[in-house]
1. Among the candidates Pro32, Pro39, which residue alone is in contact with a strand residue (DSSP E or B) (Cβ under 8 Å, 6 or more places away or on another chain), modelled with pLDDT of 75 or more and open to solvent by 50 Å² or more (accessible area, probe 1.4 Å)?
2. For the list (1) modelled with pLDDT of 95 or more; (2) within 16 Å of the ligand (Cβ to nearest atom); (3) open to solvent by 20 Å² or more (accessible area, probe 1.4 Å), I need the number of the one condition that Glu394 fails.
3. Got a sec? Which of Leu70, Leu22 is out of contact with any helix residue (DSSP H, G or I) (no Cβ under 6 Å at 6 or more places or on another chain), aliphatic (A, V, I, L, M) and modelled with pLDDT under 90?
4. Would you say Gly453 is closer than 23 Å to Arg289 by Cβ, small (Gly, Ala, Ser) and away from the ligand (no atom under 16 Å from the Cβ)?
5. Scanning for something of a type in the set (D, E, K, R) and open to solvent by less than 20 Å² (accessible area, probe 1.4 Å), does region 397-412 turn up at least one residue?
6. In region 370-388, how many residues are closer than 30 Å to Thr293 by Cα and either at pLDDT 95 or above or surrounded by 19 or more Cβ atoms within 10 Å (Cβ to Cβ) (or both)?
7. Taking region 118-150 as the search range and keeping residues that are in contact (Cβ under 8 Å) with a residue 60 or more places away in the chain, of a type outside the set (Asp, Glu) and touching a strand residue (DSSP E or B) at 6+ places or on another chain (Cβ under 9 Å), which one is least open to solvent (accessible area, probe 1.4 Å)?
8. Which one of the conditions (1) within 16 Å of the ligand (Cβ to nearest atom); (2) within 15 Å of Met326 (Cα to Cα) does Met477 fail to meet, given that it meets all the rest?
Amino acid sequence: MISQLLLPILGTLLCYVVLHVLQLLYYDLTSPLRSMPGPKAPDDALVADKWRQEFGPNFVFKGLFNVRELHTSDIKAIAHIISRSTVYRKAPFALYTTRRLFGNGTKFRFEGKMRKVMNPAFGPAQIRLMSDVFVDKASQLRDIWDAQITAGNSNPTIEVLSWLRRMTLDVIGEAGFNHQFDGLKEKPNDLNQYKVFDTARTKMFKIGNELVERSKLAASKTAEGGESFSGRRDLLSLLIRANMGTDIPEHQRLTDEEVIGQIPTFFLAGHETTSTASAWALHALSVNREAQTKLREELLTVTSDTPTMDELNNLVYLEWVVRETMRVHSPLVFTGRMAMEDDVLPLSKPYIDPNGGVHNSLPIPKGQLVHIPILAVNTDPEIWGPDAAEFRPERWEHVPEAAKAVPGVWANLLTFFAGPHNCIGFRFTLVEQKALLFTLIRAFEFEMAVPKGGIGRSPTPLQRPVVLGDKEKTSQMPLIVKQVS
Ligand code: HEM
């Protein structure tokens, strides 16, 4: 019986994959970029940097299914790709994989109407309302670490990444779905650190329907327990409210399945990226102690422990620290696009082919995969100067002229990308990161727990910190944490 059901599904799946692989191979075999030189597979950002030094900003490498991808860190080319968003789209297999992994309706992509319905929920006015959740959860984390240190833990080293993940999990639960995960309340148990997230993830997918029903009930003002919908400001409630609004024509409204499909998207996009970014920020500040002291001095000028979004945004050095973290430690290392039709990619600097031919543009055939190295552009010495790889918040006092051409949605960086599919949650994460740094740096001093240079990056699109030489390759960020005297 099960095999009768599974066979047609597996058969369709197989046909789909085979068809796409054949299509990709065909595009690859007929590509005019076939003769372009390049390395094998620079999918690790560190390796990509090395290849860029050897081949320049444009080269090809063999990626998935051995198909050539064009790697370009040329700003003019990237700006062109972003501006022609109907031509350069996410490859169908990338979207398909996400859907298979995380459930139907999940696209990690907000097409047309979805983005339109969601945009207001991520605007400054809504994020302002959510900022007390960020501060509240950050304060809970501070109190837990404070109690651990006061209890006389002889080893003040804390693996901060897993705690930050618990915190951002609780934030996305409350600010995303009006749901309490209580990740911070779970007992710390080194072996079960990751059980907390697995349980939350499974639970989230299971209760998707229930969450939507609850929010819809509240929206029709018949919520159980007298909860008024107007007081709810989580992303899911906002999405449902916007979707029911009279300004959205019937045909543009999202179906229940589409709404439920957004739950894993928020969940996944909303918590791993922010916890990783904050762990890198604390690491950078433990290496650059001068910056840490300077930041603390600024933060201590605020009299309240519970700042508003506007108070956080008025802190200049905090802004620089966050910018510098997002530049040097951009959590997403690269993204990719596929050309849906033939095109010509303009270049800011000519490409010289192996025969000495000079090209001011590159021919892009339909089906060409393009690899956009976010981190490499953020740390390009030609844009940011010879110390581009260094964490130096002061550089933001004078943004280099060359950086002004970077087509990012925020701070002349590619971290949140740009165009119609830029990161919808960038304001959300920025205020969350600021609330975390505000609360933690005022309370604690952070020192390196492993010698300088001992922390590396995982070779994945989301660059997680790892301790170099750790056989398990577990993502982690151990830091010595001391109470501020
Ligand atoms: C440091 C934190 C974050 C980083 C670095 C980041 C980065 C990005 C990037 C680079 C993209 C574009 C990917 C592409 O088109 O190839 C993106 C898209 C997206 N992000 Fe984020 N993100 C972060 C946090 C968040 C948060 C907190 C949320 C939600 C609560 C979120 C929700 C989304 C969604 C829904 C999209 C798809 C948008 C669309 O297709 O229109 N992100 N993000």
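1. Pro32
2. (2)
3. The conditions single out Leu22.
4. The answer is yes for Gly453.
5. no
6. So the count comes out to 13.
7. Out of the qualifying residues, it is Trp145.
8. Single failed check for Met477: (2).
The values are calculated or read from the model by the stated rules, or taken from the named source; none is laboratory data. Model, not experiment: these values are computed from the prediction. Neighbour counts are summed over all protein chains in view; Cβ atoms, including those assigned to glycine, are modelled from backbone coordinates with ideal geometry. Note: areas computed on protein heavy atoms with side chains; ligands, DNA, RNA excluded. Shrake-Rupley method; radii C 1.70, N 1.55, O 1.52, S 1.80 Å.
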